[in-house]
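A.B. asks: Before I ask anything, let me first share the structure, which is written out below as structure tokens.
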Amino acid sequence: MSAVEGTGGAIRPAARGGDRSGAWNEHTKRLTGWSGALFVISVCSLIPVLWIVFLSLKTPASATDGSFIPHHWTLSNYSAIFSLGTFTAALRNSIGIGLISTALAVLLASSAAYAIARLDFPGKRAILAVSLAVAMFPQISLVGPLYNLWRQVGLYDTWPGLIIPYMTFALPLSIYTLSAFFRDIPWELEQAAQVDGATPFQAFTKVIVPLAAPGIVTTFIIVFIICWNDFVFAISLTSTSAAQTVPAAISSFSGVSQFTVPYGDIAAAAVVVTVPVMILVLIFQRRIVAGLTAGAVKG
Amino acid sequence: MAEIQFDDVTKRYADGFEAVKHLNLQVPDGDLMILVGPSGCGKSTALRMVAGLEDISEGQLKIGGQVVNERAPKDRDIAMVFQNYALYPHMTVRDNMGFALKLAKVPDAEINQKVNEAAKILDLEQHLERKPANLSGGQRQRVAMGRAIVRSPSVFLMDEPLSNLDAKLRVQMRTEISRIQQRMNTTTIYVTHDQTEAMTLGDRIAVMRAGILQQVGPPSELYGHPNNLFVAGFIGSPSMNFLPGEIEGDSVKLPIGNVRIPDELRRRLEGGPGGARGGVIAGLRPEHFEDAGLVADRASRGVTFTARIDVLESMGSEFYAYFMVESEQVSSRELEELAADTGGTDLQSTRGGTQMTARLAAESRVRQGQDLELWFDANHLQLFDPDSGRSLLAQAGAGTSTPTPTAGGLQGPS
């Protein structure tokens, strides 16, 4: 994206000057520069992913042989983790807990963001400041007290025990992104809806929400990924398949003896949990970009 | 069908600013009332109070005889056309127009039929399945109109509906709105800052300034008998010329010469609030000047004087001639406000005279830069009190001492 813009901007003034070959050289130089930079970035970010993928395809015996590309290809690691009850249960937990937390967070955040974007009430700034402060809070400092509290009230190792902290930590970010979206929707539309006979709630659900859909989808995906990837809460507040999510489950994989690390299984599990996120991002790539830049240019 | 009545309505914001002050105004059933005034005069606020989008701080607002102060917009049976149309971008034209009916749980077949009918009136039939983003400005404007008429509400509210269109389209839509309003015979309040739009469109016009209603009446009355300097300067294009004057006996001493006051005018002057003496501000409309060479019998009806025409604009059908008159500037708070609103301050105050505009017939042999003998028709002279800005003339036809109370309860200028 930026590469194209950069070259486009560079060629125009030079071409107008009449020195076409010079412009062309300049263009080629820039193109080569940007391509080189992009290549380095791609390699840096893709090699670890490829490493994990290849590792997951190696036989346990050759897992630590130091080669990048496997000598013996196998899918046994995948069949192994799916035959483990703990992994499938963890996958189910991850999906369930992630979706529920995200849905709740977006639902709550959209009403809060709507209020912040539209209404003028005392303490509006304070609410934004507090929600920002919550986002800044180091999660690890809360884990200890939460562990004790959850043990007391019986939320330890349950779905709600993870949903509640996930939702809480996702709210500030959701409120921020959503209120930016709501602010961009002209107030007249809502007033038009009111005059057309809509209650404030109808105006919100039938006019504002559809228009803010890109923002809502973006927020949903970002929040879901945060929940999906969390490790700190998952490892501390769960202990069994009842609520353990995939990151926590992977860390508790055990090898054939206590001295072997099940590299192949871990890699296979990592691939399995990364793939849905990558697919999600690829599908909604345009949406996410549109969402993050919404309101930047007046349409 | 309903009449709208403002009873002493005031809008006061939290910071104490009063956008609308003690507004008394009545819009009869089926009338098209224009609220006009410079920006910030409170006309939009008044409209939004009728819509229910702004709270009413004081007073009562009645629609169809019922007080609606506390009613939500949806319970007022109104439709509104917004300045920027406020079409729902995610809905097709059809859904936009049917939205209100859908909310009212009208059966789909009926919605379809009503939308098709409105589309036919507005020539939108081939665009029904398109989204607003794919329509031109004029088409969007028509969709906004369609959204209002589909519901057959008892009141239409229009907030500068034509200000986003180009000049040609504006004239076209103006006649269309007028046609639709007459056809539906729905009580309408139309807000605009454009006096031409107000003059051509309305049954009656209410001129507002700084939150205060200045004058209400049919266009001809506002044009012929402005209540005060503000209305006089605001209504009419090109706008009225103002000169300082002095009443002496049966004539007015003006910088362009002594004007004998015609009998009719004298009667109205004597019936007016100020009596017939002292300093005045005289108002002279550009269209009441004429090339003296084209006027027969000019001595008996007016005043003739010579002026150097600085700038001449030919409109084809007529000339606009600009010239300077040696005089002191007339100073009035209302006129200054008008000038500030139209951005004409610097033009007026140049070279220690008063810039005047005259509208001359196309047959005139006037040339730019040459002296011309001009004639002014004294029958159309307007006279104002320089202190209060009020008109010194009683309403024509009233003749006697009391000025006719125009409907709607007039407010004196502040």
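A.B. asks: For segment A:118-125, take each phi angle, set θ = phi - 60°, evaluate the Karplus expression 6.51 cos²θ - 1.76 cosθ + 1.60, and give the result in whole Hz per residue in order, putting x for glycine and proline.
C.D. replies: With coefficients 6.51, -1.76 and 1.60, one gets 9, 9, 10, 10, x, x, 4, 5 Hz.
A.B. asks: Give the average over all directions of the projected area of the C-alpha convex hull of segment A:77-293, one decimal, in nm².
C.D. replies: Taking the Cα atoms of segment A:77-293, their convex hull projects to 14.6 nm² on average.
A.B. asks: Which residues make up the longest stretch of chain B clear of trypsin sites (Lys or Arg not before Pro) that lie in a DSSP loop with no more than 15 other Cβ atoms within 10 Å, not counting the sites?
C.D. replies: B:131-276
A.B. asks: Same structure again: Averaged over A:184-194, how many beta carbons belonging to a partner chain fall within 10 Å of each residue's beta carbon?
C.D. replies: Average per residue, whole number: 6.
A.B. asks: Hey, got a sec? Which GluC sites (Glu not before Pro) in segment B:24-96 land in a DSSP loop and have at most 15 other Cβ atoms within 10 Å?
C.D. replies: B:E70
A.B. asks: Express in whole angstrom the spacing between the alpha-carbon centres of segment B:15-71 and segment A:58-137.
C.D. replies: 53 Å
A.B. asks: Give the Debye-formula value of log10 I(q)/I(0) at each listed q (0.10, 0.11, 0.17, 0.21 Å⁻¹), with one equal scatterer per alpha carbon of segment B:228-384, two decimals each.
C.D. replies: The Cα Debye sum returns log10 ratios of -0.34, -0.42, -1.03, -1.51.
A.B. asks: What angle do you read, to the nearest 10 degrees and between 0 and 90, between the alpha-carbon axis of helix B:137-149 and the longest principal axis of chain B?
C.D. replies: For B:137-149 against chain B, the angle is about 70 degrees.
A.B. asks: Which of B:S314, B:S239, B:S331 moves most in a GNM of chain B, Cα contacts under 10 Å?
C.D. replies: B:S314
A.B. asks: Now, a different point. I want the antiparallel fraction of DSSP beta bridges within chain B, as a percent rounded to 5.
C.D. replies: Roughly 75 percent of the beta bridges in chain B run antiparallel, per DSSP.
A.B. asks: Not counting the cut sites, what is the longest span of chain B without chymotrypsin sites (Phe, Trp or Tyr not before Pro) that DSSP labels loop and that have at most 13 other Cβ atoms within 10 Å?
C.D. replies: Answer from the scan: B:18-414.
A.B. asks: Report the semi-axes of the equivalent ellipsoid for the protein assembly as shown in whole Å, largest first, where each axis is √(5λ) for an eigenvalue λ of the Cα gyration tensor.
C.D. replies: 74, 32, 23
A.B. asks: Whole-Hz Karplus ³J(HN,Hα) for segment B:376-382, in order, using 6.51 cos²θ - 1.76 cosθ + 1.60 and θ = phi - 60°, x for Gly and Pro?
C.D. replies: 10, 7, 5, 4, 9, 5, 10
A.B. asks: Amide H to amide H under 5 Å from B:I212: which residues, 5+ apart in sequence or cross-chain, H placed 1.01 Å off N in plane?
C.D. replies: B:K21
A.B. asks: Further question: Would you mind checking which residues have amide H under 5 Å from B:S251's amide H? H placed 1.01 Å from N; only 5 or more apart, or other chain.
C.D. replies: When sequence neighbours closer than 5 places are left aside, the close amide H contacts are B:I261.
A.B. asks: Just check segment B:69-147 against the gyration tensor rule for me: Cα atoms, a ≥ b ≥ c as the square roots of the eigenvalues, rounded for a/c under 1.5, and otherwise prolate or oblate depending on whether a/b exceeds b/c.
C.D. replies: oblate
A.B. asks: Using 20 Å bins from zero, what percent of all Cα-Cα pairs in chain B falls into each bin?
C.D. replies: 25, 49, 24, 3
A.B. asks: Could you work out, residue by residue across A:200-206, how many beta carbons of other chains sit within 10 Å of that residue's beta carbon, and then give the average as an integer?
C.D. replies: Neighbouring Cβ atoms belonging to other protein chains average 2 per residue here.
A.B. asks: Give me the inter-chain shielding for B:101-110: mean count of other chain Cβ atoms within 10 Å, whole number please.
C.D. replies: 2
A.B. asks: Within 15 Å, Cβ to Cβ, of A:S251, how many net charges do the neighbouring residues add up to if Lys/Arg are +1 and Asp/Glu are -1?
C.D. replies: -2
A.B. asks: Just to check I understand the Karplus step: with θ = phi - 60° and J = 6.51 cos²θ - 1.76 cosθ + 1.60, what whole-Hz values come out for segment B:95-109, glycine and proline as x?
C.D. replies: With the stated coefficients, segment B:95-109 comes to 5, 4, 6, x, 4, 4, 5, 5, 5, 7, 6, 6, x, 3, 4 Hz.
A.B. asks: Counting other Cβ atoms within 10 Å of each Cβ, which chymotrypsin sites (Phe, Trp or Tyr not before Pro) in segment A:212-251 have at most 15 and sit in a DSSP loop?
C.D. replies: When the chymotrypsin sites (Phe, Trp or Tyr not before Pro) of segment A:212-251 are filtered for loop state and at most 15 Cβ neighbours within 10 Å, A:F231 remain.
A.B. asks: Starting from the Kirkwood Rh over alpha-carbon pairs, what translational D in µm² s⁻¹ does segment B:4-223 have by Stokes-Einstein at 37 °C and 0.692 mPa s?
C.D. replies: Stokes-Einstein gives a translational diffusion coefficient of 185 µm²/s.
A.B. asks: Taking a virtual spin label 7 Å from the Cα of B:A14 along the C-beta vector, which residues in segment B:45-80 bring their backbone nitrogen under 14 Å of it?
C.D. replies: Output list for this probe position: B:55.
A.B. asks: Say the dipole of the protein assembly as shown comes from +1 at the beta carbon of Lys and Arg and -1 at that of Asp and Glu; which of B:S220, B:I261, A:I235 then lies farthest toward its positive end?
C.D. replies: A:I235
A.B. asks: Same structure, new question: With label points built 7 Å along Cα→Cβ from the Cα atoms of B:T306 and A:A103, find their separation and express it in nm.
C.D. replies: With each label point 7 Å from Cα toward Cβ, the separation is 9.3 nm.
A.B. asks: Oh, and also: Hand me the chymotrypsin sites (Phe, Trp or Tyr not before Pro) from segment A:50-144 located in a DSSP loop with no more than 12 other Cβ atoms within 10 Å, in residue order please.
C.D. replies: Hits after loop and neighbour filter: A:F68.
Here, each number is a calculation from the coordinates, and none is a lab measurement. Treat the numbers as computed from the prediction; the structure is a model and nothing was measured. Cβ atoms come from the backbone with ideal geometry, glycine included; neighbour counts cover every protein chain shown.
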